[in-house]
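Notes to accompany the following structure.
The values are calculated or read from the model by the stated rules, or taken from the named source; none is laboratory data. From a predicted model like this one, the values you see are computed outputs, not experimental measurements. Cβ placement follows ideal geometry from the backbone for every residue including glycine, while neighbour counts extend to all protein chains displayed.
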Amino acid sequence: MDITKKSIREHALSLKSKEYSSKELTKAYIESIRQKDERLGAFLYVDEEAALLMAEDADRRLSKGDSSPLCGIPMALKDNICTRSLPTTCASRMLEGYFPPYNATAWERLSLAGCVLLGKTNMDEFAMGSDTKNSAFKKTLNPLDEKRSPGGSSGGSAAAVCAGEAAFALGSDTGGSVRTPSAFCGLVGMKPTYGRVSRYGLIAFASSLDQIGPITKTVWDNGAVLSAISGADPHDLTCCENPFIPDFEGFSCKGLKVGICTRLFSERVNEATKCASLAAAELLRSLGAEIVYTDIPSAPYATHAYYIISSAESSSNLARYDGLRYGKRTEKEYSSIGELYSLSRGEGFGQEVKRRILLGTFALCEGSYDDYYKKACAVRSLLKEDFGRAFNDCHIIISPTAPDTAPILSNEESPVETYLRDELGVLANMAGLPALTLPFSRDEKGLPIGVQLMGRAFSENLLYGVASILEKCAHK
Amino acid sequence: MNEKNIDIEKTAALASLALSDEEKAQFEKDMEQIVDFASTLCSLSAEGIEDTSKGCDGREDAALPFSQADELLNGAPSLFDSFITVPKIID
């Protein structure tokens, strides 16, 4: 068997039984990257030498009886997660060649657990996009069908795991950016509760929405990674005390109330993806759950509000890229400090980033603030209330992860058409709630269909429990 | 509906973004559609609804000692002692 196709759990057993070593496993993934990645474009940077050194260190720990399930496991990080030893560019010319002076907490914790970092993965520039085609450096292809999108903005991470170039990866999710690529690539992706995972070292896009999340082959793997990266961090004032401790083995559907909100099955959602979610709900019902019809009345405004809030926050967060202290500085002539800033930023940022900065700046201007930003914040309050009421009647809400399966890569879609594809992803971020996708079935083209589970704050164990049941019965 | 037109040049100046003429022309078109899309919010009554702008309340924002100043400075394009040097600009 090609060992690069195995899950983290399978690797952990094989490493423990000395079927192979971490160094041998790492070499296998390196070879996989060498053979496939020039075409697939999942990675921006790979450091083979450093990865093998980490693997040797992991083998020493394993020989001394280290029982961490992640010890010796080769993985990848989205390139907006800071690493001292590798560039962190957010796939932007603005940060080309930038080496952060610190590691992100999430990576630091995985490193302490003995993970082997293979490299940094491609993404949409500054996490703004849904197909990874806004990267300044390269396109990433979907390993399942290379004419199609791997999803975004964590498309490189999803493609790497799907193609057997890494055992798992971390992505970041602001409006679906872990879940959509996971769905398009047939993987499990979790956006944790806001505050579950430290954002220290995650280069900010929209600080009130961003969360780091694992992309894995299986539900068990996903829980193991989330457990390692979650928990209190004094560096991040929004990070909560509770670490995630997996406790979902043997989950039973008896007493489970599964919510369906028909508003989330709009005319933009394709029939096959609707049917997959409904079939998953029906499966849970056959195993003892109760289906409850619920509503999120403010859901139709969520995408509009999301793009205003995320753009407003990003226009503020990206103001730090001024060409002075780090990052791109223009080499053109200028006659004022303002011109130095404008030229550096004009050269450093790509088109989509500029669009979002313009939208965010506009939304925060006097004359627009009340009609756009304040209204968007009001929608956010309504979404939190609506979800709160819905979760009085049910434990989880099931829906499609995305309106369709992976689309053909093209440049013909307008920005607004792209934004509308996020309608199912943005809800959980706006309400601060956990949401997980898992592959449940395939469409008529053979493409994986992701089913999304959303839950109350800090209910990741419940989501994993339900997902583990669906995973056993999935028609992948 | 209070639809607004976005003044690309003014907004880009506020955002310190230099745009080429081609970009200005493209963004005029794009932003008209995007602002029209976002203007769905304008028709919503927000009377009596408290805004939510944060992800959560979080802990107290207290200052703590920081020992990596040198490493941060080393990322600058050029240094003089502990100062970041920038090109001389005379207005």
Which residues, taken from region A:335-359, are at the interface with chain B (Cβ under 7 Å from one of its Cβ atoms) and surrounded by fewer than 18 Cβ atoms within 10 Å (Cβ to Cβ)?
A:336, A:337, A:338
Of those in region B:34-50 that are farther than 18 Å from residue A:354 by Cα, at the interface with chain A (Cβ under 7 Å from one of its Cβ atoms) and touching a Lys or Arg at 6+ places or on another chain (Cβ under 8 Å), the residue surrounded by the fewest Cβ atoms within 10 Å (Cβ to Cβ) is B:42
Any residue at all in region A:46-66 that is under 25 Å from residue A:353 (Cα atoms) and more than 14 Å from chain B (Cβ to nearest Cβ)?
no
Residue pairs, Cβ under 9 Å, 6 or more apart or interchain, first in region A:85-112 and within 14 Å of chain B (Cβ to nearest Cβ), second in a helix (DSSP H, G or I) and among the hydroxyl-bearing types (Ser, Thr, Tyr). List them.
A:94/A:344; A:103/A:111
Flagged in region B:71-81 as modelled with pLDDT of 85 or more and exposed (fewer than 12 other Cβ atoms within 10 Å of the Cβ), in numbering order, are B:80, B:81
Return the only residue of A:183, A:169 being part of a strand (DSSP E or B) and either modelled with pLDDT of 95 or more or within 29 Å of residue B:52 (Cα to Cα) (or both).
A:169
Contact list, first residue from region A:360-377 and over 21 Å from residue A:300 (Cβ atoms) and more than 7 Å from every other protein chain (Cβ to nearest Cβ), second anywhere and at pLDDT 95 or above and not in a helix (DSSP H, G or I), beta-carbon distance below 9 Å, six or more apart or interchain, is A:360/B:15
What helices (runs of 4 or more DSSP H), lying completely within region A:12-125, carry at least 2 residues that are surrounded by 21 or more Cβ atoms within 10 Å (Cβ to Cβ), at pLDDT 95 or above and under 22 Å from the mean Cα position of the chain (by Cα)?
A:22-40, A:105-112
Kindly establish whether residue A:196 is within 14 Å of chain B (Cβ to nearest Cβ), crowded, with 24+ Cβ neighbours inside 10 Å and touching an Asp or Glu at 6+ places or on another chain (Cβ under 8 Å).
yes
Criterion violated by residue A:392 - all others in (1) of a type outside the set (Gly, Ala, Ser); (2) without any contact (Cβ under 8 Å) to a residue 12 or more places away in the chain; (3) surrounded by 21 or more Cβ atoms within 10 Å (Cβ to Cβ) satisfied:
(3)
Mind listing whichever residues of region A:373-427 are part of a loop (DSSP other than H, G, I, E, B) and among the polar types (S, T, N, Q)?
A:401, A:405, A:410, A:411, A:414
Exactly one of A:172, A:182, A:157 is in contact (Cβ under 8 Å) with a residue 12 or more places away in the chain, touching a helix residue (DSSP H, G or I) at 6+ places or on another chain (Cβ under 9 Å) and farther than 18 Å from residue A:115 by Cβ, and that one is A:182
Is there a residue being among the aliphatic types (A, V, I, L, M), within 14 Å of another protein chain (Cβ to nearest Cβ) and crowded, with 19+ Cβ neighbours inside 10 Å anywhere in region A:398-407?
no
Within the group A:233, A:221, which residue is more than 14 Å from the chain's Cα centre (by Cα), assigned to a loop (DSSP other than H, G, I, E, B) and among the acidic types (Asp, Glu)?
A:233
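Conditions tested, residue by residue: (1) of a type outside the set (D, E, K, R); (2) over 25 Å from the mean Cα position of the chain (by Cα); (3) within 25 Å of residue A:402 (Cβ to Cβ); (4) more than 11 Å from chain B (Cβ to nearest Cβ).
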{"position": "A:258", "(1), (2), (3), (4)": "yes, no, yes, yes"}
{"position": "A:275", "(1), (2), (3), (4)": "yes, no, yes, yes"}
{"position": "A:319", "(1), (2), (3), (4)": "yes, no, no, no"}
{"position": "A:326", "(1), (2), (3), (4)": "yes, yes, no, no"}
{"position": "A:333", "(1), (2), (3), (4)": "no, yes, no, no"}
Pairs needed: first member in region B:15-33, at the interface with chain A (Cβ under 10 Å from one of its Cβ atoms); second member anywhere, in a loop (DSSP other than H, G, I, E, B) and surrounded by 14 or more Cβ atoms within 10 Å (Cβ to Cβ); C-beta distance under 8 Å; at least 6 residues apart or different chains.
B:16/A:322; B:17/A:349; B:27/B:19; B:31/B:6
Going through region B:1-14 in order, the residues found to be among the basic types (Lys, Arg) and within 8 Å of chain A (Cβ to nearest Cβ) are B:4
For residue B:61, are the conditions met, namely being modelled with pLDDT under 80, within 8 Å of chain A (Cβ to nearest Cβ) and in a loop (DSSP other than H, G, I, E, B)?
yes
Select from region A:307-334 the residues that are in a helix (DSSP H, G or I) and surrounded by fewer than 21 Cβ atoms within 10 Å (Cβ to Cβ) and list them in ascending order.
A:316, A:317, A:319, A:320
So which of A:217, A:191 ends up being in contact (Cβ under 8 Å) with a residue 60 or more places away in the chain and surrounded by 24 or more Cβ atoms within 10 Å (Cβ to Cβ)?
A:191
Looking only at residues that are in contact with a helix residue (DSSP H, G or I) (Cβ under 6 Å, 6 or more places away or on another chain) and at the interface with chain B (Cβ under 7 Å from one of its Cβ atoms) in region A:380-397, which one is farthest from residue A:312 (Cα to Cα)?
A:384
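Conditions (1) more than 13 Å from residue A:396 (Cβ to Cβ); (2) out of contact with any Ser or Thr (no Cβ under 6 Å at 6 or more places or on another chain), marked per residue:
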position	(1), (2)
A:243	yes, no
A:253	no, yes
A:258	no, yes
A:265	yes, yes
A:291	no, yes
A:297	yes, yes
Is it true that some residue in region A:376-384 is crowded, with 21+ Cβ neighbours inside 10 Å and among the charged types (D, E, K, R)?
yes
